[in-house]
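The values are calculated or read from the model by the stated rules, or taken from the named source; none is laboratory data. Predicted model only: the values in this text are computed from it and were never measured. Counting neighbours? That spans all protein chains shown, and the Cβs are built from the backbone with ideal geometry, glycine included.
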């Protein structure tokens, strides 16, 4: 038939026009050369001896037949790029299986003569959508590089764009491009106009199912289930045929009519149009977040134990159990489990009749609570009608408990209630789901340590620390270290107003978790219930040997003496100072950026620091440079090179002057007194 058509139209003067053919195709997982399980890696995929480079795409360790890009809570940009391509590429087609279009900020193709995409650049924008996204190259050239770019906003989950195939089409003077049919094949619910486009200068022919071809001059009206096919003709050349299949919805006068159809058990995935008239609403399907996503009808096809559902989000808030629903259900028929549903296109055109009065008012509303809740049920008519309720999820009847006074629920409970008026008419059922997730209260640091099992903020429980007379052993910024004399802990939260030496009581709320190995309570209540009992209390570091410290000593305030400076290194924009006691290295991390110029090559130091587990190692924090004492020649306080009675006199002078010079604190107890004199005498006696 096509040959006859070519002869019949041979008199039309048409110049031959080039088309394009597929040059290279990228598919998954066969071409993957990297097992990627993250959205932040650069890797390659080789198909047909052609190697593509992908950046910020995940292939789930080659388990997917597609790749995904776009990250949760973080903006990201993903790329698919080619090596140098010698052929003239006329277009790039990307098959998008799924996408969250609202989160895609940009989608474009870049073409350039260099792999840095800075020379002879052509940029082609396209709107991302499910299906084939086509990027037409304005000026096809040989020896070019091609890069697809997808700029994504932060998403609520990973994988905002799913791509299963990328095709490069090359210039081919011996072919005619296939036409494009729009919309593509799909379910249709009414007469649908379909347009067909082709290259300029080409004539288009179409046929429906196995019918005769017709020349295309205006949109084709599709009013039944069929396959529409089309091809283009230029002179003596003819394109390949492209086809799209459309499935017209079957109309039913009622739900009963639908289920009387002997095909009904096997209609899964078929579009239907069903008239519904005065069907009682048995319930509103609600997601875990309270989102109303469906209407349950009291209709049981084939004696199913599950109700029939009209599935569609945003069920109007005023619809309730007992109402009568009318309208035309337009959507896809689906079979699931023992039940069936119609996945509606929308609720447009539906109406309800209220046959039951609104049920009782239940307080509190559906939600999650951290304490026991007092439940109140009220008659909305103010007529003091008798209210019946249940707490086990069952439907209340006149045999259920009668509500007389508020009551308390201490665990997750479904409260349902109805009232009965003076004419024995029962109201609609009111339902509230009260979820109780009580916040743990700990009274000791030991309990905090025992229950600190979460390894990150996202999985951390919110707890309360009810404390009595904890000593603040150090403060720097948001870091507040506390101790009860046996155990220590980090309370992390800004604007505490606390200082070293405070004794505190009261309570704090916050997330309890381990941050890279360091247990902490991330304070969330702004220290509102913390009281400073007294200030200026002595804080003494516990003298230890470095070899005896473990992760169990986290946040303890310890003293190590005679450490020799070895080296330093920069790690994540902070400096780590490495000292040693001769057998064990001690890493003092300058986390608070206050130790600049404190350590000198060859120096020895006494340090008062906090124990900070970090992953598999132990680090130490000094909250002040005053916690680092130069022990290189501490007994020679007057600096004359010898330890003698002149140093004793210097210490006595310091005592009289109340000096703050740390070199006079010979024994390192943070007080300049006669004990320092005795320490020097001991040094002299042992010389």
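Restricting attention to the stretch 338-376, report how many residues are outside any loop (DSSP other than H, G, I, E, B) and either farther than 18 Å from residue 320 by Cα or within 33 Å of the chain's Cα centre (by Cα) (or both).
14
Working carefully through the options 129, 190, 140, find the one that is closer than 27 Å to residue 68 by Cβ and free of Cβ contacts under 8 Å to residues at least 60 places away in the same chain.
Of 129, 190, 140, the one residue that is closer than 27 Å to residue 68 by Cβ and free of Cβ contacts under 8 Å to residues at least 60 places away in the same chain is 129.
In the stretch 484-496, what count of residues is obtained for those that are farther than 17 Å from residue 613 by Cα, touching a strand residue (DSSP E or B) at 6+ places or on another chain (Cβ under 8 Å) and in contact (Cβ under 8 Å) with a residue 24 or more places away in the chain? Outline the logic, then answer.
Quick first cut of the stretch 484-496, residues farther than 17 Å from residue 613 by Cα only: 484-486, 493-496.
Checking which are touching a strand residue (DSSP E or B) at 6+ places or on another chain (Cβ under 8 Å) leaves us with 484-485, 493, 496.
Retained after the next criterion (residues that are in contact (Cβ under 8 Å) with a residue 24 or more places away in the chain): 484, 493, 496.
The number of residues fulfilling the criteria is 3.
Here is a check on your reading of the model: is residue 382 farther than 23 Å from residue 435 by Cα and at pLDDT 90 or above?
Yes: the conditions hold for residue 382.
For the stretch 595-608, give me each residue that is touching a helix residue (DSSP H, G or I) at 6+ places or on another chain (Cβ under 8 Å) and touching a residue at least 60 places away in the same chain (Cβ under 8 Å).
608
Working carefully through the options 429, 418, 340, find the one that is in contact with a helix residue (DSSP H, G or I) (Cβ under 7 Å, 6 or more places away or on another chain) and not assigned by TED's automatic domain parsing to the domain that holds residue 510.
Being in contact with a helix residue (DSSP H, G or I) (Cβ under 7 Å, 6 or more places away or on another chain) and not assigned by TED's automatic domain parsing to the domain that holds residue 510 holds for just one of 429, 418, 340, which is 340.
Of all residues in the stretch 280-299, how many are under 26 Å from the mean Cα position of the chain (by Cα) and in contact (Cβ under 8 Å) with a residue 60 or more places away in the chain?
Residues in the stretch 280-299 being under 26 Å from the mean Cα position of the chain (by Cα) and in contact (Cβ under 8 Å) with a residue 60 or more places away in the chain: 1 in total.
Is it true that residue 374 is surrounded by 17 or more Cβ atoms within 10 Å (Cβ to Cβ) and at pLDDT 95 or above?
no
Sort out which residues of the stretch 333-357 are modelled with pLDDT of 85 or more and either loosely packed, with under 15 Cβ neighbours inside 10 Å or under 30 Å from residue 403 (Cβ atoms) (or both), and write them in order of number.
345, 346, 348, 349, 351, 352, 353
Is it true that residue 156 is outside the structural domain of residue 53 (by TED's automatic domain parsing) and within 28 Å of residue 99 (Cα to Cα)?
It is false that residue 156 is outside the structural domain of residue 53 (by TED's automatic domain parsing) and within 28 Å of residue 99 (Cα to Cα).
For residue 388, work out the one condition from (1) assigned to a strand (DSSP E or B); (2) within 40 Å of the chain's Cα centre (by Cα) it doesn't fulfil.
(2)
Looking only at the stretch 13-59, which residues are buried (at least 17 other Cβ atoms within 10 Å of the Cβ) and within 17 Å of residue 161 (Cα to Cα)?
The answer is 26, 27, 28, 36, 39, 54, 55, 56, 57, 58, 59.
Any chance the stretch 167-176 includes a residue that's more than 15 Å from residue 90 (Cβ to Cβ) and either in contact with a helix residue (DSSP H, G or I) (Cβ under 9 Å, 6 or more places away or on another chain) or surrounded by 15 or more Cβ atoms within 10 Å (Cβ to Cβ) (or both)?
no
Please go through the stretch 508-536 and give me each residue that is surrounded by fewer than 18 Cβ atoms within 10 Å (Cβ to Cβ) and farther than 21 Å from residue 611 by Cβ, ordered by number.
Selection gives 524, 525, 526, 528, 529, 531, 532, 533, 534, 535, 536.
For the stretch 484-510, name all the residues that are modelled with pLDDT of 95 or more and under 25 Å from the mean Cα position of the chain (by Cα).
Residue satisfying the conditions is 492 alone.
Can you find, within the stretch 65-78, the residue that is nearest to residue 46 (Cα to Cα) among those that are surrounded by fewer than 17 Cβ atoms within 10 Å (Cβ to Cβ) and in contact with a strand residue (DSSP E or B) (Cβ under 8 Å, 6 or more places away or on another chain)?
Top of the filtered list is 65.
Which of the following residues is buried (at least 19 other Cβ atoms within 10 Å of the Cβ), within 20 Å of residue 345 (Cβ to Cβ), free of Cβ contacts under 8 Å to residues at least 40 places away in the same chain and not assigned by TED's automatic domain parsing to the domain that holds residue 24: 196, 222?
222
Among the numbered conditions (1) surrounded by fewer than 16 Cβ atoms within 10 Å (Cβ to Cβ); (2) touching a strand residue (DSSP E or B) at 6+ places or on another chain (Cβ under 7 Å); (3) closer than 27 Å to residue 181 by Cα, tell me where residue 149 comes up short.
The number of the failed condition is (1).
Scan the stretch 127-139 residue by residue and report those that are surrounded by 17 or more Cβ atoms within 10 Å (Cβ to Cβ) and in a loop (DSSP other than H, G, I, E, B).
Of everything in the stretch 127-139, those that are surrounded by 17 or more Cβ atoms within 10 Å (Cβ to Cβ) and in a loop (DSSP other than H, G, I, E, B) turn out to be 128, 137.
For the stretch 391-405, which residues satisfy the criterion of being over 15 Å from residue 424 (Cα atoms), within 43 Å of the chain's Cα centre (by Cα) and assigned to a loop (DSSP other than H, G, I, E, B)?
Within the stretch 391-405, 391, 393, 394, 395 meet the criteria.
Out of the stretch 80-121, which residues are modelled with pLDDT of 95 or more, in a strand (DSSP E or B) and surrounded by fewer than 21 Cβ atoms within 10 Å (Cβ to Cβ)?
Passing the criteria: 81, 85, 93, 95, 108, 110, 112.
Where in the stretch 140-194 are there strands (runs of 3 or more DSSP E), lying fully within it, with 2 or more residues that are at pLDDT below 95? I'd like the intermediate steps shown before the answer.
On the way: elements: 145-152, 161-172, 180-182.
In the stretch 140-194, 161-172, 180-182 are the strands (runs of 3 or more DSSP E) which contain 2 or more residues that are at pLDDT below 95.
Given (1) touching a strand residue (DSSP E or B) at 6+ places or on another chain (Cβ under 8 Å); (2) in a loop (DSSP other than H, G, I, E, B), identify the lone condition not met by residue 416.
(2)
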